[in-house]
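Undergrad: Attaching a single structure in structure tokens format; questions to follow.
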Amino acid sequence: MFITIEKVSKTYETRSGPIRALETVDLTIREKEFVSIVGPSGCGKSTLLMLLSGLVGHSTGSITIGGTKVNAPYTDIGIVFQQDVLLEWRTILQNVMLQAEVRGLDRRTLKDRALHLLELVGLKGFEGMYPHELSGGMRQRASICRALLHSPPLLLMDEPFGALDALTRDQLNIDLLRFWQESPTTVLFITHSVSEAVFLSDRVIIMSPRPGRIEEIVDIDLPRPRRMAMREQPRFIEYSRRIGRVFESIGILREE
Ligand code: ADP
């Protein structure tokens, strides 16, 4: 297994007392698997992602990625957040190249890769522009390029498309999958959208309200490449319903 999460829990110590964010979590993820996590706000999704990055320490249990125990910041990853966190005073290319600079990697070879990645996401011709000259979707595309510049074996995405309008979001879903099929990497993707999770993933992990636990894991057995039209097919709808029913059973979705 590429990632092994064993009996991991997280309690934040705060001034007003401990906050139990994650109850015991056991999970394994295969190399190059696309896994989404869905669950209500505050159930510990971001916490789980942060524990994997090692930026936040777990309280109990162990996390192993690619044979290495995560006990300190684990750097062989790319992260994309809901906010694109581009530096406004740097061009798009310079923003993508930031990844090489902070890691002390060879800029000359990575510049070619940066240009290639930007071209793949449709940003050819925008390399020299500044973030404020781009739309929200284009900015998020650039931040995905930055996250992937050093070809990380693990990509962590925390609601990356949550702030975008529905059409842009659909387009980015398609683009992300195209990217991922061209150079597969392990992806852990947090979303509030059940249909986005089903569309993208090999497996969807459903978490319960705080303290977060894994309530159920659903294998998404749909062919790839995924097509938007699949969202209307009975199997796709059945997966979405099944996840919805889990939410109902744990009191997240109520009709009245
Ligand atoms: P989600 O991503 O599912 O919305 P989070 O992982 O952000 O959930 O948060 C889980 C719980 O942990 C929440 O109750 C949140 O308030 C709490 N929490 C998150 N980060 C911290 C922190 N740094 N200090 C204290 N509590 C935190």
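The values are calculated or read from the model by the stated rules, or taken from the named source; none is laboratory data. Note that the structure is predicted; figures quoted are calculated from it, not measured. All Cβ positions, glycine included, derive from the backbone under ideal geometry; neighbour counts span all protein chains shown. When the accessible area is computed, the model is the full protein with side chains, heavy atoms only, and any ligands, DNA or RNA have been set aside. Shrake-Rupley method; radii C 1.70, N 1.55, O 1.52, S 1.80 Å.
Undergrad: Using 0.36 nm per residue, how much length does the chain from Arg107 to Arg30 gain when fully extended, once their Cα-Cα distance is taken away? If you can, show how the numbers build up before the last one.
TA: Values: separation 77, 0.36 × 77 = 27.72 nm, distance 3.10 nm.
Gain on extension, Arg107 to Arg30, equals 24.6 nm.
Undergrad: Using a simple spin-label model with points 7 Å from Cα along the Cα→Cβ vector, what separation in nm is obtained for Leu253 and Gln94?
TA: According to this spin-label approximation, the distance is 4.7 nm.
Undergrad: In whole Hz and in residue order, list the ³J(HN,Hα) couplings for region 202-216 that follow from phi through the Karplus curve 6.51 cos²θ - 1.76 cosθ + 1.60, θ = phi - 60°; x for Gly and Pro.
TA: 8, 9, 10, 9, 9, 9, 8, x, 3, x, x, 9, 7, 7, 7
Undergrad: Let me ask something else. Probe radius 1.4 Å, ligands and nucleic acids ignored: give me the carbon and sulfur share of the accessible area of region 130-256 as a rounded percent. It would help to have the intermediate numbers written out before the result.
TA: Working: 2810 of 5700 Å².
Carbon-and-sulfur percentage of accessible area, whole number: 49.
Undergrad: Dividing the alpha-carbon Rg of region 1-118 by 2.2 N^0.38 Å yields what? Write down the numbers at each step before the final one.
TA: Working: Rg = 17.1 Å, N = 118, 2.2 N^0.38 = 13.5 Å.
Rounded to two decimals, the normalised Rg is 1.27.
Undergrad: Which ³J(HN,Hα) values in Hz, rounded to whole numbers, follow from the phi angles of region 41-58 under the Karplus curve 6.51 cos²θ - 1.76 cosθ + 1.60, where θ = phi - 60° and Gly and Pro get x?
TA: 4, x, 8, x, 5, 5, 4, 4, 5, 5, 5, 5, 6, x, 6, 10, x, 7
Undergrad: Residues with amide H under 5 Å of Glu216's amide H, sequence separation 5 or more or different chain, H placed in the peptide plane at 1.01 Å from N; which?
TA: Under 5 Å from the amide H of Glu216 lie the amide H atoms of Ile206, each far enough along the sequence or on another chain.
Undergrad: How much length, in nm to one decimal, is gained on full extension between Arg227 and Lys69, taken as 0.36 nm per residue of separation minus their Cα-Cα distance? Numbers along the way, then the final one.
TA: On the way: separation 158, 0.36 × 158 = 56.88 nm, distance 3.72 nm.
Length gained between Arg227 and Lys69: 53.2 nm.
Undergrad: Over region 87-151, what number does the Rg to Rh ratio reach, with both radii from the alpha-carbon atoms and Rh per Kirkwood?
TA: Numbers: Rg = 10.5 Å, Rh = 11.3 Å.
Here the Rg-to-Rh quotient is 0.93.
Undergrad: For region 153-169, just list the computed ³J(HN,Hα) in residue order, Karplus coefficients 6.51, -1.76 and 1.60, θ = phi - 60°, integers in Hz, with x standing in for Gly and Pro.
TA: Coupling constants for region 153-169: x, 9, 10, 9, 10, 9, 6, x, 10, x, 9, 9, 5, 4, 5, 4, 4 Hz.
Undergrad: So if the hydrodynamic radius of the chain is defined as the Kirkwood radius over C-alpha pairs, what does Stokes-Einstein give as its diffusion coefficient at 4 °C and 1.567 mPa s, in µm² per second? Display every interim value, and only then the final one.
TA: Details: Rh = 19.1 Å.
Answer from the Stokes-Einstein relation: 68 µm²/s.
Undergrad: Find which of Leu253, Thr4, Leu134 sits farthest along the positive direction of the dipole of the chain, computed with +1 on the beta-carbon of Lys and Arg, -1 on that of Asp and Glu, about the Cα centre.
TA: The residue sitting most towards the positive pole is Thr4.
Undergrad: Percent of accessible area on region 55-125 owned by carbon and sulfur, 1.4 Å probe? Could the numbers behind the result be given before it?
TA: Details: 2110 of 3990 Å².
Answer for region 55-125 is 53 percent, counting heavy atoms of protein chains only.
Undergrad: Among DSSP beta bridges whose residues both lie in region 106-221, state the antiparallel percentage, nearest 5. Mind showing how you got there, number by number?
TA: Values: 5 of 10 bridges.
Here the share of antiparallel DSSP bridges comes out near 50 percent.
Undergrad: Taking the solvent-accessible surface of protein heavy atoms with a 1.4 Å probe, what is the per residue accessible area of region 110-157 in Å²?
TA: Working: 1820 Å² over 48 residues.
Per residue, region 110-157 has 38 Å² of solvent-accessible surface.
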